[in-house]
Amino acid sequence: EWRITTPSGKYKWLKGISKPELQPDNSIIWDGCIVDITERKQAEDALQKLNEKLEVKVIQQTLELHQAQARLKKLTDNIPGMIYEFCLTPEGKMSYPYVSSGCREIYEVEPSKVYYNAESLFAPIHSEDLSGLNEAIFNSAQTLNDWKYEYRITTPSKKIKWLKGVSRPELQPDNSIIWYGCVIDITDKKKVEAKILEQEQFLRSIYDGLEHNVYVLD
């Protein structure tokens, strides 16, 4: 393939195809043809320019996507608690398509382990809370209402924590359900509540032991 400029000043692309044959006198004759491929070359040039524009656009969009992902990661990494996606298939298979780095602080488990083993976040749950948690998930799956539950876990370092989970379910085209939500540590809150209850019970025991009436006048 090569270019020529004709006597009329036209710029053309040509393509030559031929087959050589050796002659008895050792000369060589090529039998072939030459075709004008100018239009094809122009189309190829236009397509090349379009591809270059598309590549630039893809690079820009990829950069914007990476920036958005970086912002999202920074947000999720700095939010107290764990952001997650929990998936339940019609066959009952559970998985976590996404968990934030807060998983380390709350569960003391690496997020990468949770992706391949959803059970790693169910195993630490207190035996007295597990059935209620599963029932809450089942009810949320049946009604597609928000899931909310408070439960206890025992971490690998033997810490006992109170957690609160809140999420919103969405039905997927394949009839699986994905819950988008978060889990926060409410251990300190539970300790304060227990202390208040203890004080209330202590004061009530005093009131109940008095022979005289106790009242509050506003």
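General observations
- Taking the criterion of being more than 23 Å from E91 (Cβ to Cβ) and aromatic (F, W, Y), the only residue of the range 156-201 that qualifies is W162.
- Flag for S205 being over 27 Å from S100 (Cβ atoms), in a helix (DSSP H, G or I) and among the hydroxyl-bearing types (S, T, Y): yes
- Hits in the range 133-157 - residues which are in contact with a strand residue (DSSP E or B) (Cβ under 7 Å, 6 or more places away or on another chain) and either more than 21 Å from I178 (Cα to Cα) or small (G, A, S) (or both): A136, S140, A141, R152, I153, T154, T155
- The range 13-26, residues that are closer than 20 Å to W2 by Cβ, out of contact with any Cys (no Cβ under 9 Å at 6 or more places or on another chain) and open to solvent by 70 Å² or more (accessible area, probe 1.4 Å): K19, P20
- Flag if K74 is in contact with a helix residue (DSSP H, G or I) (Cβ under 7 Å, 6 or more places away or on another chain), over 28 Å from P173 (Cβ atoms) and charged (D, E, K, R): no
- Note on the range 160-194: among residues that are out of contact with any strand residue (DSSP E or B) (no Cβ under 8 Å at 6 or more places or on another chain) and of a type outside the set (D, E, K, R), the one that is surrounded by the fewest Cβ atoms within 10 Å (Cβ to Cβ) is P173.
- Criterion applied to I34, I28, I59 was being touching a residue at least 12 places away in the same chain (Cβ under 8 Å) and of a type in the set (V, I, T), and the one residue passing it is I34.
- Residue check for I29: surrounded by 10 or more Cβ atoms within 10 Å (Cβ to Cβ) and not in a strand (DSSP E or B): no
The values are calculated or read from the model by the stated rules, or taken from the named source; none is laboratory data. Just so it is clear, the model here is predicted, and its values are computed rather than measured. When we count neighbours, we look across all protein chains shown, and the Cβ atoms used for this are built from the backbone with ideal geometry, even at glycine. With ligands, DNA and RNA removed, areas are computed over all heavy atoms of the protein, side chains included. Shrake-Rupley method; radii C 1.70, N 1.55, O 1.52, S 1.80 Å.
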